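S.K.: Below you'll find the structure I mean.
The values are calculated or read from the model by the stated rules, or taken from the named source; none is laboratory data. Quick caveat, the model's predicted, so the values are computed rather than measured. Counting neighbours? That spans all protein chains shown, and the Cβs are built from the backbone with ideal geometry, glycine included. SASA here: full protein model, heavy atoms, side chains in, ligands and nucleic acids out. Shrake-Rupley method; radii C 1.70, N 1.55, O 1.52, S 1.80 Å.
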Amino acid sequence: MTTDQAAHRVSTVMHVRCPDRLPEETYRKVLELLAELSPVVQALPPTAALVELKGALRYYGTDTRRLGEVLRVRSLSRLGVDARVGIGPSITVAATASAQVPKPGGVLAVDPGEVSAWLAPLPVDALHGIGPRQAETLSDYGIHSVGLLAAVPPATVQRLLGGRAGRTAADRARGIDPRPVVPRALPAAATVRWRFARHTLDGAEARTALLDLVVRLGLLLRDRGQAARALTLTLTFAGDGRWEKTRRLAEPSGHDDDLRLIAYQLMDAAGLQRGRLTMLTLKGDDLVDSGQVAIQITFDDVREARLVVEQVTDRVRDKFGPRVIGPAALFRHAS
């Protein structure tokens, strides 16, 4: 698609940037708000999203800038979340525009006929998709703005950045980006938390709290008939400091043994020294239906015995409550 062809398109792609460190639960609610505007929403975790507004324009009978403002008002009034909204005829233009909106929020719409003139004066690293190393390479050759990048022959850009990357950069500098918005929901997740009654420096206490989270998460997953492909551990410290890391499981699982192994590896990776913990959050990511998980043949008698015990304890919890049975370490801590 040439720039002239792009000029005849209507700006219908919306790129939304939410505040950094937005809780996942709130991010999911933002995605629900976007789905009220259009059925074509592409989640871009952890805090961004794309929306195709063609159908919404026909339904609401208004322009895209107005729809961006509607989103901001709804997000602020319902969730207390402001957003930076960019609108353009392509994903590249919309995402570049949203990054140019000053924090905390606002709407910037770029009409198709204005794309080249609007992109031209921007620093080359402001173009969506240009990474720091690519920007540094281009700057070394005197290409400091998007307009200069657009003026360089594509073959030259390919020699500087490599074949595919160079072609993509040259096209996007000219406003050419044929990618569609592909509907994609945020992968299902399950989250459990432990809030400490006081700031804790005790590693043993933190490890016991983590074990409790593992047991609760495992029970939640098995009750829902799900298995996690990955775990994310978030440590929150006094003063709102945070540490977060994700690690994938060898196979999707909802069993305590598998979850505990990864959770402890994550805790060890945190390298706790004297940080005063206020909260632990353990999240099962990228969930799948447990019926889709292949059953592995194993000769590990200990593991098989633990899985049988897990089934029994789950039935006991169903009948008498989740806290009636569990690892001995949790009961020692409680006493």
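S.K.: So how tilted is helix 163-173 from the main axis of the chain? Cα-based, degrees 0 to 90, rounded to 10.
M.R.: Once rounded, the angle reads 60 degrees.
S.K.: Binning at 10 Å from 0, report for the chain what percent of all alpha-carbon pair distances ends up in each bin.
M.R.: Each 10 Å bin holds this share of Cα pairs: 5, 21, 23, 21, 17, 10, 3, 0.
S.K.: While we're here: What accessible area per residue, rounded to a whole number of Å², is obtained for the chain using a probe radius of 1.4 Å? All intermediate terms of the calculation are to be shown ahead of the outcome.
M.R.: On the way: 17690 Å² over 335 residues.
Spelled out: the 1.4 Å probe surface of the chain, per residue, equals 53 Å².
S.K.: Quick one: angle between helix 24-37 and the longest Cα principal axis of the chain, in degrees between 0 and 90, rounded to 10, please.
M.R.: For helix 24-37, the angle is close to 40 degrees.
S.K.: Taking a ≥ b ≥ c as the square roots of the Cα gyration tensor eigenvalues, with a/c under 1.5 meaning rounded and otherwise prolate when a/b beats b/c, else oblate, which class fits region 48-180? Walk me through the numbers before you get to the answer.
M.R.: Values: a/c = 2.64, a/b = 1.98, b/c = 1.33.
Since a/c reaches 1.5 and a/b is larger than b/c, the shape of region 48-180 is classed as prolate.
S.K.: Calculate, in whole percent, how much of the Cα-Cα pair population of region 125-262 lies beyond 25 Å.
M.R.: 56
S.K.: Put +1 on the Cβ of each Lys and Arg and -1 on the Cβ of each Asp and Glu in region 130-213; which of Ala185, Gly166, Leu201 then has its Cα farthest toward the positive end of the dipole?
M.R.: Ala185
S.K.: So how strong a dipole does region 8-164 carry about its Cα centre when Lys and Arg Cβ are +1 and Asp and Glu Cβ are -1, to the nearest 20 debye?
M.R.: Taking the Cα centre of region 8-164 as origin, the dipole is about 220 debye.
S.K.: If you don't mind, there's one more thing I want to ask. Would you please classify the overall shape of region 175-329 from the alpha carbon gyration tensor, given that a ≥ b ≥ c denote the square roots of the eigenvalues, rounded means a/c under 1.5, and beyond that prolate means a/b larger than b/c while oblate covers the rest?
M.R.: Values: a/c = 1.85, a/b = 1.05, b/c = 1.76.
It is oblate, given that a/c is not under 1.5 and a/b is not larger than b/c.
S.K.: Now for a separate question. Against the longest principal axis of the chain, how steep is helix 301-320, in degrees 0 to 90 to the nearest 10, with axes from Cα atoms?
M.R.: 90
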